[in-house]
Amino acid sequence: MKNKIIFLVNVDSFFVSHRLPIAKQLLLDGYDVHIATQFTRYKKKLLKMGFNTHDINFNENSVNLLKAILPIFQIFFLIRKIKPTIIHLISLKPIIFGGFVTLISPINSMVISITGLGSMFLKKGIFYKIRENTFNLFYRIIFLFPNLKVILQNRSDLNYLINKAKLKKKKTEIIRGSGVDLKSLKFSKIPKKEPTIVMASRIIADKGIFEYIKSIQYLKKNNFKGKFYLVGDIDYKNPSAIKKSTINYWHKKKIITYVKHQKKISTFLKKSTIVVLPSYREGFPKILMEAAACGRPVVTTNVPGCKDAIIKNITGVLVPPKNHILLAKAIKNLCDNRKKLESIGKAARKHALKNFDINNVVSQHLYIYKSLQD
């Protein structure tokens, strides 16, 4: 009988960008692979590849408890129908909904991927503190599942959940990000022409986009000559989404050149001098791995996730979050020092080869699945 695995994830685009290579290898290894998610545009593609697909209406970013009833029932009946060997829960709602359903379902093994705890830390006030405590209680209950492995992307998130949600360390594994394809993301020399700065992320304020814009304005006032790109799609469902009119204004005023999400980000990385990510908090940002693979220095913030993705002053530069002046100065200092740019770029590629290979990430996941079945 085939081993069956269900990937329960918030949206199909995230699964395709961050977990598809793992699922493809499972197919090759003879697993019956089921993808349960809120589909936007990848359902036909995944069906053609041989995956079983199941629609789950997660109502992404809605906090209405009544809207949680439908996905919980969908997950419950899906598990009863499929009877998977393993269920892999990825991102917040799938973890909470799927975790509770699993406690009353005949599941042998469960894997949870914590892709970041950012939103818990970014807002202040009594409401957000209550929400944080509530989620920690939910996590604490779900972590009672006996045959469990929790995958985290950085040590800060690990320590937080050990302290606040009573997660047992023996149930954890740190896998740094989702990995990148080092064959398609090749090293290239940094262009010698006018500096080109690239920021690629979801278009939300929590990524530090306003700081990026302010740093550009600061640099231009100080006669810095360069091109600045902002690449990514607006995440309209996110509470910190930036209005399209604001993006269009920045583009019209030539503060930045705005480009929608690119399937082949390597095209922009090859043009770039530096990659910037002034985020407030991350799990383990893929763009910093992609930048390293292409041999590009990064300027990023000294926060969980971002600081874990680089070697300070060797593969990139760290600046405090929410400080556009220091961000601007770090960009200028790197661009003014060609020797340092090239040195950091070469070190970044070596770091990527050693730490970010997608094949290693796939192998680590397969080992976890196998160990839970032994």
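The values are calculated or read from the model by the stated rules, or taken from the named source; none is laboratory data. Every value quoted in this text rests on a predicted model; they were computed, and no experiment measured them. Quick reminder, even Gly has a Cβ in these numbers, built from the backbone with ideal geometry, and neighbours come from all protein chains shown. Just the protein is used for accessible areas: all its heavy atoms, side chains included, with ligands, DNA and RNA removed. Shrake-Rupley method; radii C 1.70, N 1.55, O 1.52, S 1.80 Å.
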Subject >> Subset of the range 83-104 [over 17 Å from ALA23 (Cα atoms) and either among the basic types (Lys, Arg) or touching a Lys or Arg at 6+ places or on another chain (Cβ under 7 Å) (or both)] >> reply: LYS83, LYS93
Original post:
Would a scan of the range 179-191 turn up a residue that is open to solvent by less than 30 Å² (accessible area, probe 1.4 Å), part of a loop (DSSP other than H, G, I, E, B) and under 28 Å from PRO71 (Cα atoms)?
Top reply: no
Original post:
open to solvent by 60 Å² or more (accessible area, probe 1.4 Å), over 24 Å from PHE210 (Cα atoms) and of a type in the set (S, T, N, Q), is that true of ASN355?
Top reply: no
Subject >> Residue match in the range 330-348 (condition: touching a residue at least 12 places away in the same chain (Cβ under 8 Å) and under 20 Å from the mean Cα position of the chain (by Cα)) >> reply: yes
**OP:** Tell me which of these GLY345 doesn't satisfy, since it passes every other one: (1) farther than 22 Å from ARG155 by Cα; (2) open to solvent by 30 Å² or more (accessible area, probe 1.4 Å).
**Re:** (2)
Original post:
Before we move on, is ASN159 out of contact with any strand residue (DSSP E or B) (no Cβ under 7 Å at 6 or more places or on another chain), outside any loop (DSSP other than H, G, I, E, B) and farther than 15 Å from LEU92 by Cα?
Top reply: yes
Original post:
touching a helix residue (DSSP H, G or I) at 6+ places or on another chain (Cβ under 8 Å), open to solvent by less than 40 Å² (accessible area, probe 1.4 Å), part of a loop (DSSP other than H, G, I, E, B) and modelled with pLDDT of 85 or more - does that describe any residue in the range 98-112?
Top reply: yes
Subject >> Residues of the range 336-374 that turn out to be more than 30 Å from ILE107 (Cα to Cα) and either out of contact with any Gly (no Cβ under 7 Å at 6 or more places or on another chain) or of a type in the set (Val, Ile, Thr) (or both), as a count >> reply: 16
